[in-house]
Amino acid sequence: MSYQAKGLQAWFFQRVTGVFMAFYMVYVLWFSLSTELFTYQIWLAWFSHPLMNMATALFFIQLVVHTWVGMRDIVLDYMPGDILRFITLTCISLFLMALSIGMLRILFSLSFNIL
Amino acid sequence: MRFTIYRFNPETDTVPYMKEYELANIEPGTMLLDALLRIKNEQDGTLSFRHSCGEGVCGSDGMNVNGTNCLACVTLVDSLKAPIVVRPLPGMPVVRDLVIDMTQFYSQYRAVKPWLIVKDPIPEIEFKQTPEQRDKLDGLYECILCGCCSTACPSFWWNPDKFLGPAALLQSWRFLSDSRDQAGDERLEALEGPYKLFRCHSIMNCVEVCPKQLNPTKAIGNIKKLMLKKMI
């Protein structure tokens with residue numbers, strides 16, 4: 001049974017995405033807490049900024065990669081049998097794809113300020 | 001002192017069971033192996049376990065004692081909480097009582113080709129190493145293949161046929177870091193994939209139980225770092 005991003009790549013992606021997401025979340029938390037009167041307009045302007053928009057898109061792409069590697073690890077460790085593993089991994093990948101499409105659609109809408 | 005020992009004879013028992021033994025007059029400094037030998041000699045000759053050198057060199061008497069893997073010959077009875085519960089090393093097929101079938105463990109060990117691979121003509125007299133090159137093998141070559149580490153590793157329990165386990169991977173790093181070996185790329189290539197190396201999640205059970213105080217987790221980390229270096 002073949003899995004995408006086999007050993008080294010998966011291990012490497014897991015760490016790189018983890019570091020990026022940690023920085024992103026600290027920044028989001030810092031901005032949210034340090035801004036007085038954090039209104040919808042401020043939030044919209046902040047997330048509509050091209051840099052923030054791109055960083056958020058990257059965050060969600062990396063979240064999907066990070067989740068995929070983590071879930072794959074859990075499945076390979078705990079689930080016995082190739083068939084059960086294949087079915088579970090297919091379901092997880094479909095769910096993650098749907099999640100990514102939804103998130104990118106929201107971000108794409110935000111970048112044009114049409115929400 | 002009370003002992004609760006795992007018993008299973010496939011010729012007469014359908015399921016394993018725990019049997020209790022009481023041992024009196026245990027002298028200070030008695031090792032667990034000595035206590036087990038006393039039980040075998042004085043109370044129950046059918047009790048089976050492996051042992052040989054009796055001083056932590058041969059690695060024959062690995063067993064699970066009070067939930068932790070150890071070598072019976074270097075474990076002081078005084079250091080154990082009574083009742084002392086003795087089981088075979090976990091996750092391996094039991095041949096009889098505390099004797100396990102190590103076939104899987106040895107086949108994973110063989111899979112890392114634990115010998116020097118040299119492509120150049122072999123020197124007539126000897127391979128030469130600087131003291132620094134030789135120092136890199138310290139903490140690696142001392143492994144006695146007792147199996148305490150691999151059988152304490154959940155990843156090895158879950159995928160014993162695919163994950164090589166800490167003992168084999170420690171030996172893999174021992175040859176990868178040997179200046180005389182010339183098959184580094186092939187060795188790394190053979191470890192690629194989601195199972196053989198990357199099932200290790202660095203929980204360090206192997207480090208905790210190693211009776212020789214070796215560090216397979218660090219060796220596995222070094223292999224990953226070397227792979228990453230080669231990739232970049």
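The values are calculated or read from the model by the stated rules, or taken from the named source; none is laboratory data. A quick note: this is a predicted structure, and the numbers were derived from the prediction, not measured. Cβ coordinates were reconstructed from backbone atoms using ideal geometry, including for glycine residues, and neighbour counts include every protein chain displayed. Only protein heavy atoms, including side chains, enter the accessible area calculation; ligands, DNA and RNA are left aside. Shrake-Rupley method; radii C 1.70, N 1.55, O 1.52, S 1.80 Å.
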Which of the numbered conditions does B:Ile125 fail, given that it passes all the others? Conditions: (1) open to solvent by less than 40 Å² (accessible area, probe 1.4 Å); (2) away from chain A (no Cβ under 12 Å); (3) β-branched (Val, Ile, Thr).
(1)
Starting from region A:17-28, keep only residues that are touching a residue at least 60 places away in the same chain (Cβ under 8 Å), then list their pairs with residues that are part of a helix (DSSP H, G or I) and among the basic types (Lys, Arg) whose Cβ atoms are within a distance under 8 Å, requiring at least 6 positions of separation or different chains.
none
Hey, could you check region B:151-160 for residues that are over 19 Å from B:Gln213 (Cβ atoms) and either out of contact with any Phe, Trp or Tyr (no Cβ under 9 Å at 6 or more places or on another chain) or of a type in the set (Gly, Ala, Ser) (or both) and say which is farthest from the other protein chains (Cβ to nearest Cβ)?
B:Trp157
Quick check, is B:Met18 in a strand (DSSP E or B), open to solvent by 40 Å² or more (accessible area, probe 1.4 Å) and out of contact with any Lys or Arg (no Cβ under 6 Å at 6 or more places or on another chain)?
yes
Could you list, ordered by first residue, the pairs with Cβ atoms under 8 Å in which the first is in region B:80-94 and at pLDDT 95 or above and the second is among the aromatic types (Phe, Trp, Tyr) and in a loop (DSSP other than H, G, I, E, B), at least 6 apart or interchain?
B:Val94/B:Phe8
Can you tell me which residue in region B:128-161 is surrounded by the most Cβ atoms within 10 Å (Cβ to Cβ), limited to those that are assigned to a helix (DSSP H, G or I) and hydroxyl-bearing (Ser, Thr, Tyr)?
B:Ser150
Taking region B:191-206 as the search range and keeping residues that are surrounded by fewer than 21 Cβ atoms within 10 Å (Cβ to Cβ) and touching a residue at least 12 places away in the same chain (Cβ under 8 Å), which one is farthest from the other protein chains (Cβ to nearest Cβ)?
B:Met204
State the number of residues belonging to region B:116-161 that are within 26 Å of B:Cys53 (Cα to Cα) and touching a residue at least 40 places away in the same chain (Cβ under 8 Å).
15
B:Ala168: passes all of (1) in contact (Cβ under 8 Å) with a residue 24 or more places away in the chain; (2) open to solvent by 10 Å² or more (accessible area, probe 1.4 Å) but (2)
How many residues does region A:71-105 hold that are surrounded by fewer than 16 Cβ atoms within 10 Å (Cβ to Cβ) and either within 12 Å of chain B (Cβ to nearest Cβ) or not in a helix (DSSP H, G or I) (or both)?
6
Subset of region B:207-232 (residues that are within 11 Å of another protein chain (Cβ to nearest Cβ) and outside any helix (DSSP H, G or I))
B:Ile232
Restrict the check to region A:46-56 and report whether at least one residue is more than 15 Å from the chain's Cα centre (by Cα), open to solvent by 50 Å² or more (accessible area, probe 1.4 Å) and in contact (Cβ under 8 Å) with a residue 12 or more places away in the chain.
yes
